[in-house]
Structure formats: structure tokens, C-alpha cells
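The values are calculated or read from the model by the stated rules, or taken from the named source; none is laboratory data. Quantities reported herein were computed from a predicted structural model and do not represent experimental measurements. Ideal geometry is used to build each Cβ from the backbone, glycine not excepted, and the neighbour counts take in all protein chains shown. The protein model used for the area step is the full one, side chains on, heavy atoms only, and it has no ligands, DNA or RNA in it. Shrake-Rupley method; radii C 1.70, N 1.55, O 1.52, S 1.80 Å.
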Amino acid sequence: MRTSFVFSEVVTGLRRNVTMTIAMILTTAISLALLGGGLLVVRMVDKMQANYAGKLEVSVLLTNDVSANDKDCTQQPCAGLRSALEQTSGVETVVFQNRDEGFERFKRIFEAQPELLKLARPEAIPATFRVKLEDPDRTDVIKQAFEGKPGVKGVDDQSKFLERFFEGLNGLRDVVLILALIQAFAALLLISNTIQVSAFTRRVEVGIMRLVGATRWYTQLPFLIEAVVAGIIGAVCAVGLLVLGKAFFIDRITRNLTESGIIPPVGYLDILIVSPWLFLTAIVIAATTGYVTLRLYVRL
Amino acid sequence: MIRLEHVSKVYKTSTRPALDDVSVEMEKGEFVFLIGPSGSGKSTFLRLLLREEVPTRGRVYVSNFDVAKMSRRRVPRLRQSIGCVFQDFRLLPTKTVAENVAFALEVIGKPRNTIVKVVPEVLQLVGLDGKEDRFPTELSGGEQQRVAIARAFVNRPLVLIADEPTGNLDPDTSQDIMLLLERINRTGTTVIMATHDHGIVDSMRRRVVELSFGKVVRDDARGVYGVGR
């Protein structure tokens, strides 16, 4: 196989249909950028889940009465509740935190907001069992078993809030991926069309190639490589779009959330990790579409 | 070398067979004229040799190839052993004379050093040395056909198929082209030429196979165009 020959054919082909080629590259780029965006959201959700999974706790808040009178959890109903919690299957650790400790913790968390601290009184903070589960998804068990028991003021489940947040992110991811899919379909049709046009404009060459006994591969490869090269350029543009999107858009709108540690920032490393998938997708889609088109529509 | 055994070809779009039980044999090094009116089956005959078409019935042999039965993957091999020339030259307008000839070798993967050696040789053979860097549009019809012949012959095929190669040329130029085909024939290449040109067939006195309505109606070892009509 003479690579120099094949590549000179590819360059000629891409130049000859320059408008089609540009359309093909742009559509591919937008499609891949959307796909990349979707993948970044997936990565973000994964990171957050990993981040929070170890820290998620169920808080069993105790009534005011217990909070005020039982500092060490030695009396009933506190001691009974503790042993009941410890014996519940799936519970990893149970930590008792009395009102004073709770207040200290509150002060630590909000040390940046002194005006809030000035208003706070220890009496507002209930004593709490902080329960860590082996499986953070099974918070319902605790809620069902302990809510309403004597001495229990309520069961606070952090995971419920996060779940809603993740649902939002996953919805965003789905929308982005569906858009990517629609755009990918457009890209696919354009690739197929471009190859047909390309084969038509080169029908004399192709006819001669067939006649002098060029193999199927030799005749088809320039068209396939043409599609793949356009796909790769599209992927490069897509990565460019993601980098620009991160620098000028995502960073700006998520600054507050990332700085306070609520959501992890989207880093250039994330884009770097996502981009091989974009290239792979581009190459696979371009090559497959090209191959199928050549087999179905073009007699080579 | 070339053998057709009871070959029939019926196109789906036509009720009358394009070829009807044709059996012909051609030896290595022969020069054969294939004559007959338009629609008599000459082109189908040639297309069967190239495996552009598959016969409806019968068998086609070219050299060692069982053309009708061979797998698609072997078709390029067959075509590499057959050179083709057409009435309309079929040159690539964006390539020079030398590039047009080299193209035929490039696309079958011949190494560059072979190509640079062989292309000037064949251009000299067809009488185009000095015009390597011209483009087809800068050449006369006769010269363009020489380029086409050079391209067909550069890979030293066993068979050269010429489908009305002089159809677009004036009588003098046609004579030159015939001399060239004769020279190629003398190298041992079998030449099969489909033509309507009485003058050429009569003056060359070579084997003539005449087709009419898809049947071989005449096969003379040293024929002329008009006899038997």
C-alpha cells in the first residue's frame, strides 16, 4: 500500500468538496462537544457521589428534653435508643453528640459568619446521634425504625437533598446527550452525503482504478480516510469548544458553588480524560458510516 | 488464453440475450477484431472478459482465471493482467501524461522506483517521449489515445482490450494507433479490438470474429469487414 498516494488522494478529495467538508466538520464538532459536555456531567456526578458517599450520615435528632438533661446519654430513653441503633443491621458507627458538642460543631462550620453565630444559642441545637451506614443508600431503614420513637425529635437524611441535586444533574446530562445524539445523526447523514458526492466527482478516477485492477481497499481507502480525517478535525474542534466553554462559561457560572466545595470544579484534566472518547467516537462513526455508504450507494 | 464456452448473457432489462451461446477461443499473441453493428454484443463480450459482467450461462476463461466463477477478491488480479483502451480515452485531466500513466501503477501498489523506471520506457514505446509533462487537454486526439494505450500497457498485461480505439480519430491518426497496437501485439500481448472501421479491418487482414444479435456469425483467420454480408 502506497501511503503517499492514498494521502494525496485524501487531500485532493477534501479540497474538492471544501464546503461539504466544512459542514461535516462543524456538525461533527458540535455533536462531539455536546457528547463531551454530557460526559463531563457524568464525571462530575461520579466525583460528587464519591465525595459525599463516605461522609453521608443520618442524623437522629433528640427532643429538647433529652438534649437538656442527658449530657452523656446514660439515661433512658437515650441509652436505649443508642443500643437499638447500634444493633440495627447495616449501621456502621453511631456517634452521640450532645448539645454542647453540637454547638461547637455549629460554630466551626459557620465561623465565617460571625453575625449568624451571635444570634445562635446552644438551646437551639438538639443532641444528635450521627449514624453512619455501611450502605449510604439505605437511609430509609433508620427513618422508618426511629422516627416518632420517644425521645426522637426527627430523623434528618442528608442523602434526600443530594438525591434531588443528582437528579437535576442527571436530567441535564440526559438532555445534553439527546442533543448530542440528534446532532450525531445529522453528522452521520452529512458524512454519508459527502462521501457520495466525493465518489461521484471522482468517478472517472475510480473507474480507472477498478479497470486497472486496484483492490477494493485501494479504491475505498481514500474516501474512508477522508471521512475519518474530517471526523478527527471535528473532534479537535470539539475539544477546543469544551476548553473555551470551561474557561468562559462553566467556570463563571459555577464559581460560587465550586469555591464553597459544594460541587467539584470542572478541570482541564477532566476535558483531557474525556477527549480520547470523543476522538474514538469520531473515528468509529466516520469509518462505519463511510464503509456502509460505500457498500450501499457507491459501486467501486 | 481466452476461452468462452457456450456463453449467454441476458440483461434483466431486455428480453433478447446480449450474447447467445457464444463459444470462442483466442490464442496467446493473437490479434483479433471483434466486429458487428451496435447492439450485436461486442461490448458485453469485452465486459465479460473483465468481469464487469457475469455470464447468465456458460464459462469464461482468461489465462488461468475462471472468470465467471472467481471470487470478488480475485477480480483485481484478473484486471491487472488485462489492459483497456476506449474510444473516449478516459484520461484524468488534472494529471500530466506521465502522471496518468503512473496512476495505473500507483493504484495497484507498485513501488515508486519501479514506476519512475517503467513510465518513461512505455512513453517512449508509444512515441510520447518529450511530452511527459503535458496535460491531456494540450494533446491531439491521437496523442491522447497514445497516453491511454501507454497506461493500458504499462503493467505489461497479457491481454489488451481496445473498444473502438479509433472511433474518435481521423483515418491517418487511426493508422498510427493501429501501428502502435500491432507493435504491442508483437511483444506477445493478445489484442482484442472491437471496431466499426472497415478500412482498418480490411487493411490489417487479421482474425475477424463477427457478432450479430449476440451470436458469432463469422470467425475468419484472415478476414475483412464486409465479407458474408
State which residue is surrounded by the fewest Cβ atoms within 10 Å (Cβ to Cβ) when the search covers only the stretch A:29-58 and only residues that are touching a residue at least 60 places away in the same chain (Cβ under 8 Å) and among the basic types (Lys, Arg).
-> A:47
Neighbours by Cβ (under 8 Å, 6+ apart or cross-chain): first from the stretch B:25-39, at positive phi; second assigned to a loop (DSSP other than H, G, I, E, B) and of a type in the set (Ser, Thr, Tyr) = B:29/B:189
Those residues that are in a strand (DSSP E or B) and surrounded by 15 or more Cβ atoms within 10 Å (Cβ to Cβ), I need them from the stretch B:48-68; list them, please.
-> B:57, B:58, B:59, B:60, B:61, B:62, B:65
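Going through the stretch B:69-87 one residue at a time, which ones are within 17 Å of residue A:206 (Cβ to Cβ) and either part of a helix (DSSP H, G or I) or more than 10 Å from chain A (Cβ to nearest Cβ) (or both)? Write out each step before concluding.
Within the stretch B:69-87, the first condition is being within 17 Å of residue A:206 (Cβ to Cβ), and the residues that meet it are B:72, B:75-76, B:79-80, B:84, B:86.
Matches in the stretch B:69-87: B:72, B:75, B:76, B:79, B:80.
Look at the stretch A:142-174 and say how many of its residues are in a helix (DSSP H, G or I) and open to solvent by 50 Å² or more (accessible area, probe 1.4 Å).
Restricting attention to the stretch A:142-174, the residues satisfying the condition of being in a helix (DSSP H, G or I) are A:142-146, A:158-174.
Right, trim to open to solvent by 50 Å² or more (accessible area, probe 1.4 Å) and you get A:143-144, A:158, A:160-161, A:163-165, A:167, A:172-174.
Total satisfying the criteria: 12.
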Which members of the stretch B:174-222 meet the condition of being surrounded by fewer than 22 Cβ atoms within 10 Å (Cβ to Cβ), in a loop (DSSP other than H, G, I, E, B) and over 15 Å from the mean Cα position of the chain (by Cα)?
-> B:187, B:197, B:205, B:206, B:213, B:221, B:222
How about the stretch A:78-128: which helices (runs of 4 or more DSSP H) wholly inside it have at least 2 residues that are modelled with pLDDT under 75?
-> A:99-109, A:114-119
Report, by residue number, each residue of the stretch B:69-91 that is out of contact with any strand residue (DSSP E or B) (no Cβ under 8 Å at 6 or more places or on another chain), of a type outside the set (Lys, Arg) and buried (at least 16 other Cβ atoms within 10 Å of the Cβ).
-> B:70, B:75, B:76, B:80, B:89, B:91
Could you check, for the stretch B:90-109, whether at least one of its residues is closer than 23 Å to residue B:187 by Cβ, more than 11 Å from chain A (Cβ to nearest Cβ) and free of Cβ contacts under 8 Å to residues at least 24 places away in the same chain?
-> no
Only one of (1) in contact with a helix residue (DSSP H, G or I) (Cβ under 8 Å, 6 or more places away or on another chain); (2) under 30 Å from residue B:26 (Cα atoms) is not met by residue B:114, so which one is it?
-> (2)
